[in-house]
Amino acid sequence: MPASARVLSLILVVLLVWPAVGCRAQMPDQTTGDASPEGPRDTLDQPVSASVDGDTIAWPAARVTARVVDDSLWAEALRIHFNAIVLDGHVDVPMHMVDDAYRLDRRHSRNRSHVDLPRMREGGLDAAVFAVYVAPYYGEGDRAVARAREQIQEVRRQVGAAPGVDLAQSADDVRRITREGREAIVLGLEGGHALAASTDTLQSFARQGIRYVTLTHVNTNRWADSSQDEPEHGGLSPLGRKMVWAMNDLGVVVDLAHVSDSTFFDAIEASRAPVIVSHSSSRALTPTVRNVSDKQMRAVALNGGVVMINFFDAMVNPHLGADVFEEARRRLTASGRGLAYLWSAVYDIRRERSISGATWGDVVDHIDHAVQVAGIDHVGIGSDFDGVFDLPRGLDDVTDLPYVTYGLLRRGYSEAEVYKLLGGNLLRVLKETEAMAQEAP
């Protein structure tokens, strides 16, 4: 590009992006929940200002210039994205902390990981739920509990030692920490078997900061059926209902990612508080059992909860039709392996058939579909970064998150609606769950 063109491009960027270069100190105090005197409010009476932190654009200047010159809508997308409190509902960093000598405060290559603190800042990810994942082979007893505790302790240690990041145990914590210019880490537990079917263990984990529990993983446990295992209870068992009620009492959000359809509806019926689906996408667009149906999305909306869209290629790929998943199931059955090995079979078929991968636009399609079905107040993002091995083109790591915001604006979403989808809806659910716990007898 000639020097004169580069100068003109830089001037264009400054003019378009200048309004985004704000100061956190200029943001209204949100700890009281008071609305800004101007600006739209959402349908659940939550002010737009409750979902913003006033951050400045952290993308490299050359990247900003290239995108804005390509499409001036990028200027608005970057302003909105970095002004929002962007809260990812599911990131699998903790297991890497204990297994791979991973350091949160160091920048890693995309081949090594998808998320770290420097790249969170560059990608505008203000807060993330770090999922404490316990693999099924740890069983449902002391080994599983110890594995979860090991990860919780390591996350707390690394967050405590790293500058510019804090552990958040409430929605207000997330807002306060991000408005002070730091990243917020929330803890979730992925795999209800790690509770060892014990409300005492649940209570202990809640005291250590666990704010949601994914009821199952790929394995059915003593109190809930998984979507990728043989059913034992026909949904939730009586003990499972008690576990859900205990979560409600403790202010721990019920997460329905990975559960069977029967467990899904049983848990919604049992829960007094809003539920989430922390990292699943739309079954109508990519028909895998790991995604949720339109009926399930509508049930979450009626419950007041949030469905958070997963970025895993195989869960958003429009080229993976029902025939692929049916063939994968047939092969697994013939080999004596269960659906826990679903992705291995699916990727074998993809290689054989040379099936194309997904793109970042497919992720936005899944968000858009969920909004059309469940409504704008009931959708969020749960990337599954560092928990999946294949991401769509254009969403290679956390630094690419602004593409989601850009895609939503291209589809006609308003600024206020984007704030909800990027984090506002999940913050609301966290707040409502906390409030219900305080009202518990």
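The values are calculated or read from the model by the stated rules, or taken from the named source; none is laboratory data. Predicted model only: the values in this text are computed from it and were never measured. No Cβ is skipped: glycine too gets one built from the backbone with ideal geometry, and neighbour counts run over all protein chains shown. Calculation scope for accessible area: heavy atoms of the full protein, side chains included, ligands and nucleic acids excluded. Shrake-Rupley method; radii C 1.70, N 1.55, O 1.52, S 1.80 Å.
Structural remarks
- Consider the range 238-258 and keep the residues that are open to solvent by less than 10 Å² (accessible area, probe 1.4 Å) and either hydroxyl-bearing (S, T, Y) or outside any loop (DSSP other than H, G, I, E, B) (or both). The one that is farthest from R207 (Cα to Cα) is G240.
Yes/no matrix, rows are residues, columns are (1) within 25 Å of E122 (Cα to Cα); (2) modelled with pLDDT of 95 or more; (3) touching a strand residue (DSSP E or B) at 6+ places or on another chain (Cβ under 9 Å); (4) loosely packed, with under 14 Cβ neighbours inside 10 Å:
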| residue | (1), (2), (3), (4) |
| --- | --- |
| R6 | yes, no, no, yes |
| W18 | yes, no, no, yes |
| Q30 | yes, no, yes, no |
| I57 | yes, yes, no, no |
| R67 | yes, yes, no, no |
| D71 | yes, yes, no, yes |
| H81 | yes, yes, no, no |
| V86 | yes, yes, yes, no |
| M95 | yes, yes, yes, no |
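- Residue in the range 387-405 that is aromatic (F, W, Y), open to solvent by 30 Å² or more (accessible area, probe 1.4 Å), in contact with a helix residue (DSSP H, G or I) (Cβ under 7 Å, 6 or more places away or on another chain) and touching a residue at least 24 places away in the same chain (Cβ under 8 Å) present: yes
- Residue in the range 374-391 that is of a type in the set (A, V, I, L, M, F, W, C) and in a helix (DSSP H, G or I) present: yes
- L422 being closer than 23 Å to A77 by Cβ, touching a helix residue (DSSP H, G or I) at 6+ places or on another chain (Cβ under 8 Å) and open to solvent by less than 10 Å² (accessible area, probe 1.4 Å): yes
- Test result for S383, open to solvent by 30 Å² or more (accessible area, probe 1.4 Å) and among the hydroxyl-bearing types (S, T, Y): no
- Among the candidates A144, A101, the residue that is modelled with pLDDT under 95 and either in contact with a helix residue (DSSP H, G or I) (Cβ under 8 Å, 6 or more places away or on another chain) or within 30 Å of H193 (Cβ to Cβ) (or both) is uniquely A101.
- Residue satisfying all of: in the range 171-202; of a type in the set (D, E, K, R) and touching a strand residue (DSSP E or B) at 6+ places or on another chain (Cβ under 7 Å); surrounded by the fewest Cβ atoms within 10 Å (Cβ to Cβ) among these: D173
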